[in-house]
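Undergrad: Sharing a structure here in structure tokens format.
The values are calculated or read from the model by the stated rules, or taken from the named source; none is laboratory data. Fair warning: this is a prediction, and the values are worked out from it, not measured in the lab. In this analysis, Cβ positions are derived from the backbone assuming ideal geometry, glycine residues included, and neighbour counts consider all displayed protein chains. In case anyone asks, the SASA skips ligands and DNA or RNA and just uses the protein heavy atoms, side chains included. Shrake-Rupley method; radii C 1.70, N 1.55, O 1.52, S 1.80 Å.
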Amino acid sequence: MQRILEDQGWRQGSFIKPETTLKLMDDIDSSFTISADDLLVVASQSCDVASSQEEYIEISILRVIPFEEFKKEYSHNRNPRVLHIKTGSTKCDKTIALKLQAHEKIQIEKRLLEEYTPDNSIDLSEETLNQYVDWLAGRYKRPALPTKFDQLIAAADKNGKKRKKITKKANDFLTGIYVAIYPNRDISDDETYSVNLLGVASDEESIVSATEALDDYATILREAGMDVSDPKIGTEFQISVGTLRQYQRINFDYLSYEQGTSLPPDIEI
């Protein structure tokens, strides 16, 4: 079975044909409701799909949504729990909008797919596939900042009103807000955090607006009693991987979910 699925064209990002899904329903052990309009896509890495040491393939459930329900704050991996993507379909000759939820994954025995081929009428672009894969991985590798650090910010910005405003602006001009904290631990009442801020702007045209958003965030940290150096900012093409490794990405997950808003919790480079 090692190369059967690979020879059939199964890869990470391959879609299962709706008619195949119907035939497999009795063999799929899932607590999730899967309708005829839903799509299934291979989440497993392509080498795992081909490997004889893996008996199962992981599958994500995609729900087709109206275009007016597509939300920017759920695109480009901004949200660790929900992802909105767009892709083309040759069946209906148009672009469709899809919603994924991180917990909606199932497993299928490989042997069940041996006699079927993927649905080539739907194809994720390389960029969209990379976003999807990074979104899957990002759910498990999100940075965890010290609890005391978060508590100080929450006390300085009650209800998150200032951060909501910054996040909205960041949606358009920033692809990442990163922070280096010293010491990177919970501190006692007689200690103070020293903080370096780094902003990654979408492009050169976004520098001014991105700088304003970053300066606003620095102000919140200072109001929280932290010692904040002048923020640094650059575009995606100006900031090296080595530089990013010295920082942790600011995670707005607690803000969007605790406040009941749809603001992007993660802003990813």
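Undergrad: Considering only C-alpha atoms, what is the centroid distance from the stretch 21-89 to the stretch 168-230, in Å?
TA: That distance is 35 Å.
Undergrad: Give me, ordered by chain and number, the residues 5 or more places off ASP123 or on other chains with an amide H under 5 Å from its own placed amide H.
TA: GLY88
Undergrad: Using θ = phi - 60° and the Karplus curve 6.51 cos²θ - 1.76 cosθ + 1.60, what whole-Hz ³J(HN,Hα) does each residue of the stretch 97-103 get, with Gly and Pro shown as x?
TA: Per-residue couplings from phi come out as 9, 10, 10, 10, 10, 4, 7 Hz.
Undergrad: Could you work out the mean projected area of the convex hull around the alpha carbons of the stretch 38-142, in square nanometres to one decimal?
TA: On the way: hull surface 28.6 nm².
Across all orientations, the stretch 38-142 yields a mean hull projection of 7.2 nm².
Undergrad: Now, a different point. Please list, ordered by chain and number, the residues whose modelled amide H lies under 5 Å from the amide H of ALA201; skip anything fewer than 5 residues away on the same chain.
TA: THR175, GLY234, THR235, GLU236
Undergrad: Have a look at GLU73, GLU19, GLU58 and tell me which one the Gaussian network model of the chain (Cα, springs below 10 Å) gives the largest fluctuation.
TA: Judging by the Gaussian network model, the answer is GLU19.
Undergrad: Taking amide H positions as placed 1.01 Å from N in the peptide plane, with prolines and chain starts having none, which residues 5 or more places from TYR56, or on another chain, fall under 5 Å of its amide H?
TA: So TYR56 has HN proximity to LYS110.
Undergrad: Just from the alpha-carbon atoms, what are the Rg and Dmax of the chain in angstroms?
TA: For the chain, the Cα radius of gyration and maximum Cα-Cα distance read 21.5, 67 Å.
Undergrad: Test of understanding: what is the full-extension gain from GLU6 to ARG63, defined as 0.36 nm times their sequence separation minus their Cα-Cα distance? Walk me through the numbers on the way to the answer.
TA: Numbers: separation 57, 0.36 × 57 = 20.52 nm, distance 2.60 nm.
Full-extension gain reported as 17.9 nm.
Undergrad: With every protein chain left in place, what is the accessible area per residue of the chain in square angstrom, probe 1.4 Å?
TA: On the way: 14030 Å² over 269 residues.
Computed with neighbouring chains in place, this is 52 Å² per residue.
Undergrad: Here's a follow-up. With θ set to phi - 60°, apply the Karplus curve 6.51 cos²θ - 1.76 cosθ + 1.60 along the stretch 9-14 and write out the HN-Hα couplings as whole Hz, x wherever there is a Gly or Pro.
TA: Running phi through 6.51 cos²θ - 1.76 cosθ + 1.60 with θ = phi - 60° gives x, 6, 9, 4, x, 6 Hz.
Undergrad: Further, regarding this structure: If I compute solvent accessible area with a 1.4 Å probe over the protein chains, what percent of it on the chain is carbon and sulfur? Could the numbers behind the result be given before it?
TA: Numbers: 6290 of 14030 Å².
Of the solvent-accessible surface of the chain, carbon and sulfur hold 45 percent.
Undergrad: Can you give the FRET efficiency to the nearest 0.05 for HIS103 and LYS23, using r as the Cβ-Cβ distance and R₀ = 30 Å? Intermediate values should be presented prior to the final figure.
TA: Numbers: r = 25 Å, r/R0 = 0.84.
E(calc), rounded to 0.05, equals 0.75.
Undergrad: Another question, then. Which value, in debye to the nearest 20, describes the size of the charge dipole of the stretch 1-106 about its Cα centre when Lys and Arg Cβ atoms bear +1, Asp and Glu Cβ atoms bear -1, and nothing else is charged? Please list the in-between numbers first.
TA: Numbers: 14 positive and 17 negative charges, 121 e Å.
So the magnitude is around 580 debye.
Undergrad: Continuing with this model, one more query. What list of ³J(HN,Hα) couplings, whole Hz, do you get for the stretch 66-83 from phi and the Karplus terms 6.51, -1.76, 1.60, once you set θ to phi - 60° and write x for glycine and proline?
TA: x, 4, 5, 8, 5, 10, 4, 5, 9, 9, 6, 6, 6, 10, x, 9, 10, 10
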